[in-house]
Amino acid sequence: MSLDNYKELRAAAIAASVRAGELSAADTVRASFQRATDVGGGRDELNIILYSDENAALDEAQKLHTQIQSAADVGVLAGVPVAIKDNIATLGLPTTCASKILRGYVSPYEATAVTRLRAHGALVVAKTNMDEFAMGSSTENSAFGPARNPVDVRCVPGGSSGGSAAAVAAGIVPIALGSETGGSVRQPAAFCGVVGVKPTYGRVSRYGLVAFASSFDQIGIVGRTVDDAALGLESIAGLDNMDSTSSDADVPIYRLSALGKPASDARDPNTEAMRIGRSPVPLPPPPTSETLKGVVIGKPKEYFPDSLDRSIRDLCERALDRLRWMGATVREVSLPQSELAIPVYYILAPAEASSNLARFDGVRYGLRVDPGRGLKPMYEATRSEGFGPEVTRRILLGTYVLSAGYYDAYYKKAQSVRTLIADDFRAVFTSGVHAIFTPTTPNTAFPLGAISDPYEMYLNDIFTVTANLAGVPAISVPIGRVRRLPVGGQIITAHFDEYSMFRVAYALEAALGQEAHQ
Ligand code: GLN
């Protein structure tokens, strides 16, 4: 295998070649950095990458090389360059949540998801740009300037994991980590024409993910293909003693590609959970009229309102036709509480954020601005100077809805409606529906600066936040383009049923083929 077409190589293929000694891990690292240079991924251009260290990545590659030479099992991501969203703690590279308040901060420990990627042979090449503290849908809220969409540099890449989605779309890495609180992996994946996965709440350890809204937060994966995303998720999922909300549910094999022996770091307790309860590998392409036989797909009417953009609706209908062609039954369903999802999310997430972000006070982390008049003025100056406008708005909103006079009217009521939204999903999934199909977003990537009203920005999340409120897994896959800009289709399944989610996603990807990118 040659690295000439590095930007198109799949993670599974890179790993297989590195494991077989056909490709050197150092060369894949160099190819990734070269690609970043070629596309202008750095600060002054697309602004996708905030931090990187080529020499450190090459040192890691050298260690991997030594392991391969001593015939050690180097894992399913051997030599695969990966990028990590800047709110996920990494050793050796800063973790700043694209915020001034954390400028220069280097975490003394690493997120479990990153440790697991490394344990499977992945090589961390970059920390990616994002909306400050993951609050936003365009990556324009970064304190280090907006990132741009490699598909059309006049447009935003979506957010808040815009840098991770853009890094994959630009061919810098085949896999990147993002984070989801309300759609922050799926929405940018849709905008950039790549695959984005939000796992079930609890599927992936949150240890080392800087908290935004803890009852929603989940690390997710961006991949160029469904298979790469599956491989990535499989590598990081499973119980972690460092996160008591991580689940001990079995982690099946999600990926299609046969890589030979799966990663088996038998001595690493972090990967122990991966070997328990593996299911058979899903159906491989090419798709036939039997591929999805017996699968029932729900089409919720609330996600196809009359106001939905005509071209996005048409692409969704084409995707549903393909699913039918592969043997699936499409059934109209209802998730009636979905229309309340935006107000509910934008009460609960800021409430949790206002509490989580109290820790950034100039004492423990990063920036300190001290006017020299005592503790309180120091807190005030640090936080006013350190947080950008959107983060400030969320902290104010969150503090307001939690305050004594308004707690019942806002926070408590929103919690009750959250339960109703989760009940809607439960009702659909217990009525014989295996997966729900919707558009990922109501629109395609918009030009930088086009949306200045915060509420209009929040409406970007209208089709994604429900899965976060309910805690269920969801994936966005490319289903076509409108005026050359990518459109994503979303597949949502029941709690811990990522297996069915990937099965439908593989089938759809295979059935659409090149049409997904036209
Ligand atoms: N766009 C949503 C917000 O601004 C979701 C963010 C996220 O998922 N991190 O809160």
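Pull out a ≥ b ≥ c, the square roots of the eigenvalues of the alpha-carbon gyration tensor of the range 383-512, then state rounded if a/c is under 1.5, prolate if not and a/b is larger than b/c, and oblate in the remaining case.
Numbers: a/c = 2.87, a/b = 1.32, b/c = 2.17.
In terms of gyration-tensor shape, oblate.
Would you mind listing how long the chain runs along its three principal axes, going by Cα atoms, in whole Å with the largest first?
Dimensions of the chain along the principal axes of its Cα atoms: 66, 54, 43 Å.
Quick check on my link table: of LYS198/LYS413; LYS127/LYS412; LYS63/LYS85; LYS198/LYS376; LYS85/LYS293, which ones sit more than 32 Å apart, alpha carbon to alpha carbon? All intermediate terms of the calculation are to be shown ahead of the outcome.
On the way: LYS198/LYS413 26 Å; LYS127/LYS412 37 Å; LYS63/LYS85 24 Å; LYS198/LYS376 39 Å; LYS85/LYS293 38 Å.
Among LYS198/LYS413; LYS127/LYS412; LYS63/LYS85; LYS198/LYS376; LYS85/LYS293, the Cα-Cα distance tops 32 Å for LYS127/LYS412; LYS198/LYS376; LYS85/LYS293.
If you take the square roots of the eigenvalues of the alpha-carbon gyration tensor of the range 456-518 and sort them as a ≥ b ≥ c, do you get rounded (a/c under 1.5), prolate (a/b over b/c) or oblate?
Details: a/c = 5.04, a/b = 1.15, b/c = 4.39.
Oblate is the answer for the range 456-518, as a/c is 1.5 or above yet b/c matches or exceeds a/b.
Please work out whether the range 319-401 counts as rounded, prolate or oblate from its C-alpha gyration tensor, where a ≥ b ≥ c are the square roots of the eigenvalues and a/c under 1.5 means rounded, while otherwise a/b larger than b/c means prolate and anything else oblate? Intermediate results must be reported in sequence, preceding the final value.
Details: a/c = 5.25, a/b = 3.11, b/c = 1.69.
It comes out prolate by the Cα gyration axes.
For the chain, what is the charge dipole size about the Cα centre, in debye to the nearest 20, if Lys and Arg each add +1 at the Cβ and Asp and Glu each add -1 at the Cβ? Present the calculation step by step, with values, prior to reporting the outcome.
Values: 50 positive and 55 negative charges, 35 e Å.
In debye, rounded to 20, the chain gives about 160.
At 0.36 nm per residue, and after removing the present C-alpha to C-alpha distance, how many nm does the segment from ALA404 to TYR109 gain when stretched out fully?
Details: separation 295, 0.36 × 295 = 106.20 nm, distance 3.69 nm.
Extra length available between ALA404 and TYR109 comes to 102.5 nm.
Amide H to amide H, which residues 5 or more places from GLU140 or on other chains are under 5 Å from it, using H placed in the peptide plane?
For GLU140, whose amide H was placed from the backbone, there are no distant partners under 5 Å.
With charges only on Cβ, +1 for K and R and -1 for D and E, what is the dipole size of the range 318-369 about its Cα centre, in debye, rounded to 20?
Numbers: 7 positive and 5 negative charges, 54 e Å.
Taking the Cα centre of the range 318-369 as origin, the dipole is about 260 debye.
Given a Förster distance of 45 angstrom, what is the FRET efficiency for LEU58 paired with ARG359, based on the Cβ-Cβ distance and rounded to 0.05?
Numbers: r = 35 Å, r/R0 = 0.78.
E(calc), rounded to 0.05, equals 0.80.
Considering only protein heavy atoms, what is the solvent-accessible area of MET1 at a probe of 1.4 Å, reported in Å² to the nearest 10?
Around 90 Å² of this residue is reachable by solvent.
Which percentage, to the nearest 5, of the DSSP beta bridges contained in the chain is antiparallel?
Numbers: 30 of 45 bridges.
Taking every DSSP beta bridge with both residues in the chain, the antiparallel ones total about 65 percent.
What ranking, highest mean first, results for peptides 439-452, 222-235 when packing means the other Cβ atoms within 10 Å averaged over each residue? It would help to have the intermediate numbers written out before the result.
Working: 439-452: 19.1, 222-235: 28.0.
So the order, starting with the most tightly packed, is 222-235, 439-452.
Taking K and R as +1 and D and E as -1, what net charge do the other residues with C-beta under 9 Å from the C-beta of PHE133 add up to? Let's see the in-between values first.
Working: positive: ARG394; negative: ASP131, GLU132, GLU390.
Spelling it out: positives minus negatives among the neighbours equals -2.
Measure off, as a whole percent, the carbon and sulfur share of the 1.4 Å-probe accessible area of the chain, all protein chains present. Walk me through the numbers before you get to the answer.
On the way: 9850 of 18970 Å².
The value for the chain is 52 percent carbon and sulfur by accessible area.
Using per-residue counts of other Cβ atoms within 10 Å, averaged over each peptide, order 196-204, 94-102, 477-485, 126-134 from highest down. Don't skip to the answer; put the middle values down first.
Working: 196-204: 28.2, 94-102: 25.1, 477-485: 19.6, 126-134: 31.1.
Output ranking for 196-204, 94-102, 477-485, 126-134: 126-134, 196-204, 94-102, 477-485.
Spin-label point model (7 Å from Cα, Cβ direction): what's the ASP4 to ASP370 distance in nm?
Result: 6.1 nm between the two label points.
Give me a comma-separated list of calculated 3J(HN,Hα) values for the range 341-348, in order, Karplus coefficients 6.51, -1.76, 1.60 applied at θ = phi - 60°, integers in Hz, x for any Gly or Pro.
4, 5, x, 5, 4, 7, 9, 6
At a 10 angstrom cut-off on C-beta neighbours, averaged per residue, how do the peptides 46-55, 488-497 rank from highest to lowest?
On the way: 46-55: 20.7, 488-497: 25.1.
In descending order of packing, they fall as 488-497, 46-55.
Which value results when the Cα radius of gyration for the range 366-459 is divided by 2.2 N^0.38 Å?
Values: Rg = 20.4 Å, N = 94, 2.2 N^0.38 = 12.4 Å.
Taking N as the residue count of the range 366-459, the ratio is 1.65.
Considering amide H positions built from the backbone, and no H for Pro or chain starts, which residues 5 or more places from THR128, or on another chain, come under 5 Å of its amide H?
Under 5 Å from the amide H of THR128 lie the amide H atoms of LEU50, ILE84, LYS85, ASP86, each far enough along the sequence or on another chain.
For LYS100, what charge total do you get from the other residues with a beta carbon under 14 Å from its beta carbon, if Lys and Arg give +1 and Asp and Glu give -1?
Details: positive: ARG103, ARG368, ARG383; negative: ASP86, ASP131, GLU132, GLU385, GLU390.
Computed value for this residue: -2.
Per DSSP H run of at least 4 residues, take -39500 (n - 2.57); add these up for the chain, divide by its residues and hand me the 222 nm value, nearest 500 deg cm²/dmol. Before the final figure, lay out the partial values.
On the way: 16 runs with 179 residues, N = 518.
Estimated from H runs of four or more residues: -10500 deg cm²/dmol.
Only Cα pairs under 8 Å and at least 6 apart count here; give the relative contact order of the range 138-267 as a rounded whole percent.
Numbers: 264 pairs, mean separation 25.2, N = 130.
Once divided by the residue count of the range 138-267, the mean separation gives 19 percent.
Given charges of +1 on the Cβ of Lys and Arg and -1 on the Cβ of Asp and Glu, with all other atoms neutral, how large is the dipole of the range 131-236 about its Cα centre, in debye to the nearest 20? Show your work: numbers first, answer last.
Numbers: 7 positive and 9 negative charges, 12 e Å.
Computed charge dipole of the range 131-236: roughly 60 debye.
I want the local charge near PRO389. Using Cβ-Cβ distances under 14 Å, sum +1 for each Lys or Arg and -1 for each Asp or Glu among the other residues. Please list the in-between numbers first.
On the way: positive: LYS100, ARG383, ARG393, ARG394; negative: ASP131, GLU132, GLU140, GLU385, GLU390, ASP453.
For residues surrounding PRO389, the net value is -2.
For the chain, what does the relative contact order come out to in percent, with C-alpha contacts under 8 Å and a separation of six or more? Could the numbers behind the result be given before it?
On the way: 1286 pairs, mean separation 82.2, N = 518.
It rounds to 16 percent for the chain.
Non-local amide H neighbours of GLY298 (under 5 Å, H modeled in plane, Pro and chain starts lacking H): which ones?
ARG331, HIS434, ALA435, ILE436, PHE437
The values are calculated or read from the model by the stated rules, or taken from the named source; none is laboratory data. What you are looking at is a predicted structure, and each value in this text was computed from that prediction instead of being measured. So basically every Cβ, Gly included, is an ideal-geometry build from the backbone, and we count neighbours across all protein chains shown. When the accessible area is computed, the model is the full protein with side chains, heavy atoms only, and any ligands, DNA or RNA have been set aside. Shrake-Rupley method; radii C 1.70, N 1.55, O 1.52, S 1.80 Å.
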